[in-house]
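These notes concern the structure reproduced below.
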Amino acid sequence: MKKPNYTELVTSSLNGEQEALEQLMESIQQPIYNLAVRFFWNPPDAEDATQEILLKILTNLASFRGESSFTTWAYRVATNYLLNARRTSTEYLTFEEGEKHLKQGATRPEYEAADKALLEEEVKIACSTSMLICVSRPLRLAYLIGEILEFDGNEGSYILDIEPATFRKRLSLARKRIRGFMAKQCGLYDPANPCRCAQHINYCIEVDWFQPHQLKFADKGEVDQTKSEVEMIMNDVAIFHSHPNYTAPKAVLSAVKLLLKSEKYPTLGRKD
């Protein structure tokens, strides 16, 4: 796919060209949604957040001065929203509670059905993503920006609007906490660990974290096979990179388009 010319799209959007505006939205909704899913650990919350973030981006286009790439600026808007968003019901999980769930799950009989491989993938994604919820929002965002999205220190500090030294410290703390938990529990991280994703399928169904006919993660996007294969490296980043690139529901973009066509957002934040 040809990379969008964001300079032209932003200029045309501010000049009121609807086609350019819609193309701009379509080009950024996927990365924003993927960030929100990993941040909230709950697709419905991510959908709502993506809609709000897209509106903030598009109604404040006039404040984009080209000091960074457009996508970097868009992530700055997104992370600011996520940091200050209302706390969701999923954000109270701790590593201690997670360890208890893993111990309970290991006592259940192994799941045996034709869809076992798919459900095992669901457990892997849900479990590893839940580890992000166990760290504070500032540390979570530093990990997502620095490790998962692979921005360097200068870009990461710009996106999070903090000093580079603060970004490095937060990223280091997040790595330490996430890796510390994985090193003790996760069988993907270290084969010597007791936890195996397949062991927990029945438990996850039992406590209604997902149902076989209604998955949250495993069948919601495309997996880069080259990234999936690096799981064999057995480290936290490889495991997170093996997650799908989630496809944002069409309803998100449709809702934003309707709002932008209304009288509520007529100027896209342009300052005449």
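Coordinate-derived values only; no laboratory data. Not measured: the values here are computed from a predicted model. Virtual Cβ from ideal backbone geometry, glycine too; neighbours counted across all protein chains shown.
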Problem set entry | Part-to-part distance (alpha-carbon centres) for region 26-79 and region 102-167, which is given in Å | 19 Å
Problem set entry | Sites Leu118 and Asp190 - FRET efficiency at Förster radius 35 Å, r taken between beta-carbons, to 0.05 | 0.90
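Could you rank the peptides 134-140, 190-196 by their average count of other C-beta atoms within 10 Å per residue, with the highest value first?
Final packing ranking: 134-140, 190-196.
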Exercise. What's the FRET efficiency of Lys250 with Glu96 using the Cβ-Cβ distance as r and R₀ = 45 Å, to the nearest 0.05?
Worked result: 0.70
Exercise. Which entry in (i) 6, 27, 34, 21, 10, 2, 0; (ii) 6, 28, 37, 24, 5, 0; (iii) 6, 24, 27, 16, 10, 8, 6, 3, 1 is this structure's computed P(r) over Cα pairs in 10 Å bins from 0, in percent?
Worked result: (i)
Seminar exercise, completed: Extension length gain for Asp161 and Arg87 (0.36 nm per residue less Cα distance), in nm, is 24.6 nm
Seminar exercise, completed: If amide H atoms are modeled at 1.01 Å from N in the peptide plane, then the residues at a separation of 5 or more from Asp190, or on another chain, having amide H under 5 Å from its own are none
Exercise. Hey, can you rank 36-48, 167-179 by average C-beta count inside 10 Å, highest first?
Worked result: 36-48, 167-179
For this session: Pop out the ³J(HN,Hα) list for region 245-253 in order, Karplus 6.51 cos²θ - 1.76 cosθ + 1.60 with θ = phi - 60°, rounded to Hz; leave Gly and Pro as x.
Result: 8, 5, 8, 5, x, 4, 4, 5, 5
For this session: Please report Trp209, Trp73 as a ranked list, fewest other C-beta atoms within 10 angstrom at the top and most at the bottom.
Result: Trp209, Trp73
Exercise. How much mean residue ellipticity at 222 nm does the chain get from its helices, if each DSSP H run of length 4 or more adds -39500 (n - 2.57) and you divide by all residues, to the nearest 500 deg cm²/dmol?
Worked result: -18000 deg cm²/dmol
Problem set entry | Förster-model FRET efficiency, 35 Å R0, Ser63 and Glu150, C-beta, rounded to 0.05 | 0.85
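What percent do you get for the relative contact order of the chain when only Cα pairs under 8 Å and 6+ apart count?
26 percent
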